[in-house]
Amino acid sequence: MQTEKLWQSILGDIEISLSKANYLTWFKNTHLLKLSDGSATIAVSNIFIKQQLEKKYDALIKETLQKNGVMVNTVEYIVKSPTSKQPAETTFDPLEQISSSYTTGHQLQTAPTPTNSRSTLTHPYRQGINERYTFENFIVGSANELAYAACQAIAAMPGEKYNPLFLYGGVGIGKTHLIQAVGNAVLTDRPGSRVVYATSEQFVQEFVDALRFKKNTAFADHYRSADVLIVDDVQFLAGKEKIQEEFFHTFNALHQANKQIILSSDKPPGEIPTLEERLRSRFVWGMSIDMQNPDFETRCAILQTKAESKGITLPTDVVEYLATNIQTNIRELEGALNQLIAFCEMRALEPNIAITTGLLGATKSRPKHLSAKQIIERCAKHYHVSIEDLLSPKRDKDIVGPRQVAMYLLRSELHLSFPKIAHELGRKDHTTAIHSVDKIEKDIQLNADTRTNIQEIKEWLYA
Ligand code: ADP
Ligand code: MG
């Protein structure tokens, strides 16, 4: 057919102008259906691809058509499931699997289902999964589109395509959000399924408790009965032999039963120190995807969406100022936005560029060499308590508060793990650190004194 031939030649051009991964994900299963009156109709296999083509590749497609002698003013994208089912894959090409997973006629979720019909809040297996983390409110850009596509494909067919999925990248760039979105989508689409989410720190803690209270079987049953097991931040399994062994058995049991396993880490499997070889090799059995810090446009889109979800429209210069000056990660970007919103709400002001620069100027140029010791010393000084008291088991109110602030700052400024934070403050139990960071995060929203104190400590630290 003429159009098919033409399309093949256009795809050939597009293929050389894109990365292989992008080409396979977005273009592999597209077809030119019709050309008439300056308009082209392209068939794609699902709504997600349609949206991406419309949003990101429309210009490229028109341009390439033109280069091949076809002038079109408009391109229409329609979703059309292929008529024949793909033969089973024999070779393993993870990226190909992303796109082929879209071609089996499975309909991806298009619009958010009304929350009341989800009724997932009381789901018995919604442990640790935050309902806030969904695909719908995750902004896709070039830094995370592959991870997003892979997660969508998994949510559509858990355990079927590639297993495990291993997402890695720096802190605060959306790993937890995405992998929990898979959990939420699976629970919505398949209400009977068991989605078990745990951070690896939780896994470790529960394992230790299970040994202590002789509940090993219950522990193993809990994890091994999952349909989808999501373990976040697996780098914390490093150096823990017994736990790695337990995790190895859990992994095998689930994998053999074709249950989906999703893992995240701050580094690729090969770079996690003291990770047993047998685990390392299993972690790369399926697909590993590197997630990057979102680019400027994506950061702007995230800010707008987050602000809008709180009923606030931010002026463009504010959005651009934030997105330019906070490039580290999305968590910090969100933190700055929350700070700005809280500040304005307390004073009944509309956010503007003057307030934003005033408020965030201090956080702009942070030195890289801040240490845990400096933070603890500064907190002690600021609250007029001794360092010994901060590090002691004392539970007096005027010591607990500053200690919690110190823990919060170790997390927000140095991104230390909870066990490390606990260790820095002479604590054995890292749940205290989790609780403290959580408490201060809430306090910052509610309490102007806490906000001022933390701002002052930070200003001093970064002065
Ligand atoms: P990580 O697990 O990689 O450290 P998180 O998933 O906790 O990061 O993300 C930090 C915050 O940034 C979360 O509140 C998350 O909702 C938000 N976030 C990150 N990436 C995106 C994105 N692409 N779209 C919307 N929100 C995002
Ligand atoms: Mg995370």
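The values are calculated or read from the model by the stated rules, or taken from the named source; none is laboratory data. The model shown is predicted, which means the values in this text are computed figures rather than measured ones. We place every Cβ from the backbone using ideal geometry, glycine too, and count neighbours over all the protein chains shown.
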Item to check | Restricting the stretch 256-270 to residues that are more than 16 Å from ligand 1 (Cβ to nearest atom) and either among the acidic types (D, E) or within 21 Å of K175 (Cβ to Cβ) (or both), the residue that is surrounded by the most Cβ atoms within 10 Å (Cβ to Cβ) | outcome: Q260
Next on the checklist: Among the numbered criteria (1) at pLDDT below 95; (2) over 25 Å from L414 (Cβ atoms), which one does V171 miss?
Outcome noted: (2)
Checklist outcome for this item: With the first residue restricted to the stretch 210-234 and required to be not assigned by TED's automatic domain parsing to the domain that holds E245 and within 16 Å of ligand 1 (Cβ to nearest atom), and the second required to be assigned to a helix (DSSP H, G or I) and aromatic (F, W, Y), Cβ contacts under 8 Å at 6 or more apart or on different chains are none
Checklist entry - Looking at the stretch 204-231, which of its residues are over 15 Å from T250 (Cα atoms) and within 27 Å of the chain's Cα centre (by Cα)? => result Q205
Item to check | Whichever residue in the stretch 181-196 is closer than 15 Å to A226 by Cα and either within 14 Å of the chain's Cα centre (by Cα) or within 11 Å of ligand 2 (Cβ to nearest atom) (or both) and, among such residues, is surrounded by the most Cβ atoms within 10 Å (Cβ to Cβ) | outcome: G183
Checklist entry - Inside the stretch 378-423, can you point out the residues that are among the acidic types (D, E) and farther than 25 Å from Q235 by Cβ? => result E388, D389, D396, D398
Checklist entry - Just a yes or no: is a residue in the stretch 434-446 in contact (Cβ under 8 Å) with a residue 40 or more places away in the chain and more than 24 Å from G170 (Cα to Cα)? => result yes
Checklist entry - Between a first residue in the stretch 157-180 that is away from ligand 2 (no atom under 16 Å from the Cβ) and a second residue that is of a type in the set (K, R) and not in a loop (DSSP other than H, G, I, E, B), which pairs have beta carbons less than 8 Å apart while being 6 or more apart in sequence or on different chains? => result P164/R282
Checklist entry - Out of all the residues in the stretch 313-327, which are buried (at least 16 other Cβ atoms within 10 Å of the Cβ) and within 16 Å of ligand 1 (Cβ to nearest atom)? => result L314, V319, L322, A323, I326
Item to check | Any chance T298 is closer than 29 Å to E350 by Cα, within 13 Å of ligand 1 (Cβ to nearest atom) and either buried (at least 19 other Cβ atoms within 10 Å of the Cβ) or polar (S, T, N, Q) (or both) | outcome: yes
Checklist entry - Can we say G401 is in contact (Cβ under 8 Å) with a residue 40 or more places away in the chain and not aromatic (F, W, Y)? => result no
Checklist outcome for this item: If you go through L65, L60, L35, the only one that is in a strand (DSSP E or B), not acidic (D, E) and not assigned by TED's automatic domain parsing to the domain that holds A153 is L35
Next on the checklist: Please determine whether any residue of the stretch 436-444 is outside the structural domain of S265 (by TED's automatic domain parsing) and farther than 26 Å from F343 by Cα.
Outcome noted: no
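Here is a yes/no grid of residues against (1) among the small types (G, A, S); (2) modelled with pLDDT under 95:
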| site | (1), (2) |
| --- | --- |
| A143 | yes, yes |
| E206 | no, yes |
| K215 | no, yes |
| V228 | no, no |
| L237 | no, yes |
Checklist outcome for this item: Over the stretch 435-452, the set of residues modelled with pLDDT of 90 or more, surrounded by 16 or more Cβ atoms within 10 Å (Cβ to Cβ) and not charged (D, E, K, R) is S436, V437, I440
Item to check | Yes/no for I421 being in contact (Cβ under 8 Å) with a residue 40 or more places away in the chain and touching a helix residue (DSSP H, G or I) at 6+ places or on another chain (Cβ under 7 Å) | outcome: no
Next on the checklist: Going through A210, A220 one at a time, which residue ends up being over 30 Å from H415 (Cβ atoms), small (G, A, S), away from ligand 2 (no atom under 16 Å from the Cβ) and out of contact with any strand residue (DSSP E or B) (no Cβ under 6 Å at 6 or more places or on another chain)?
Outcome noted: A220
Item to check | Qualifying residue in the stretch 256-272 (condition: within 16 Å of ligand 2 (Cβ to nearest atom), aliphatic (A, V, I, L, M) and in contact (Cβ under 8 Å) with a residue 60 or more places away in the chain) | outcome: yes
